[in-house]
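The values are calculated or read from the model by the stated rules, or taken from the named source; none is laboratory data. No experiment lies behind these values; they were computed from the predicted model shown. Using ideal geometry, Cβ is built from the backbone for each residue, glycine included, and neighbour counts are taken over all protein chains shown. Accessible surface areas use protein heavy atoms only, side chains included; no ligands, DNA or RNA. Shrake-Rupley method; radii C 1.70, N 1.55, O 1.52, S 1.80 Å.
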Amino acid sequence: MADGSRTPLARALLQQCLHARLQVCPAEGDATAQWVEVQRGLVIYVCFFKGAEKELLSKMVNTLLNVKLSETENGKHVSILDLPGDVLIIPQATLGGRVKGRNMQYHSNCGKEEGLELYLQFVTLCEKELAANSKCAEAGVVVKHGTYGNRQVLKLDTNGPYTHLVEF
């Protein structure tokens, strides 16, 4: 994770959820909106900064899926892999914003093409990690994700707020 002496390469915001729905495609014409949905689990918002490379992704996935933030019925904190729970991954470029005067600036974010590539690889690594975990496989855990570079609508039921910011 990032220490105070260097600029982070990525930022992730973690939220426990009881249920979450993310609109990945708005309604157009006769077509209805398309949504992805998860039950109890973890919502991961992710943003990549200039200088981030794919070598960082396995460390991110390992940290985020193994950190003990998920609360069991008896109040014990376990990883999302040990819960086991669903995962919803949302690209969130606004995590890279900095206030300048009365405006937000996003000059530290990586370019759109690089961000899309890193995001898709991050999603794939999360899917592989959960699929390889026997508890998650037995429980039918799912990984769902948003679409990169698009505005999306999120409906979230959380047992908190219980939010953590992690920098890499």
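I'd like the full set of residues that are open to solvent by 60 Å² or more (accessible area, probe 1.4 Å) and outside any helix (DSSP H, G or I), limited to the stretch 112-147. Of everything in the stretch 112-147, those that are open to solvent by 60 Å² or more (accessible area, probe 1.4 Å) and outside any helix (DSSP H, G or I) turn out to be 144, 145. Filtering the stretch 50-65 to residues that are open to solvent by 10 Å² or more (accessible area, probe 1.4 Å) and either among the hydroxyl-bearing types (Ser, Thr, Tyr) or in contact with a helix residue (DSSP H, G or I) (Cβ under 9 Å, 6 or more places away or on another chain) (or both) leaves 50, 52, 53, 54, 56, 58, 62, 63.
Do you know which residues across the stretch 148-168 are among the aliphatic types (A, V, I, L, M) and either open to solvent by 40 Å² or more (accessible area, probe 1.4 Å) or modelled with pLDDT under 95 (or both)? Selection gives 153, 154, 156, 165.
So, in the stretch 8-23, how many residues would count as being closer than 21 Å to residue 110 by Cβ and among the basic types (Lys, Arg)? Full working, then the answer.
Going through the stretch 8-23, the residues closer than 21 Å to residue 110 by Cβ turn out to be 8-14.
In the following step, the residues that additionally are among the basic types (Lys, Arg) were identified as 11.
Here the count works out to 1.
The set of residues in the stretch 42-77 being part of a strand (DSSP E or B), at pLDDT 95 or above and either more than 14 Å from the chain's Cα centre (by Cα) or within 21 Å of residue 131 (Cβ to Cβ) (or both) consists of 42, 43, 44, 46, 49.
In the set 63, 72, only one residue is among the hydroxyl-bearing types (Ser, Thr, Tyr) and within 28 Å of residue 114 (Cα to Cα); that residue is 63. Determine whether the stretch 106-117 contains at least one residue that is closer than 21 Å to residue 65 by Cα, in contact with a helix residue (DSSP H, G or I) (Cβ under 6 Å, 6 or more places away or on another chain) and not hydrophobic (A, V, I, L, M, F, W, C). No, every residue in the stretch 106-117 fails to be closer than 21 Å to residue 65 by Cα, in contact with a helix residue (DSSP H, G or I) (Cβ under 6 Å, 6 or more places away or on another chain) and not hydrophobic (A, V, I, L, M, F, W, C). Residue under question is residue 28, and the condition is that it be surrounded by fewer than 19 Cβ atoms within 10 Å (Cβ to Cβ) and out of contact with any strand residue (DSSP E or B) (no Cβ under 6 Å at 6 or more places or on another chain); does it hold? Answer is yes for this residue. In the stretch 85-107, the residues that are in contact (Cβ under 8 Å) with a residue 40 or more places away in the chain and open to solvent by less than 60 Å² (accessible area, probe 1.4 Å) reach residues that are in a strand (DSSP E or B) and of a type in the set (D, E, K, R) with C-beta atoms within less than 6 angstrom, at least six apart or across chains, in these pairs: 88/144; 95/11.
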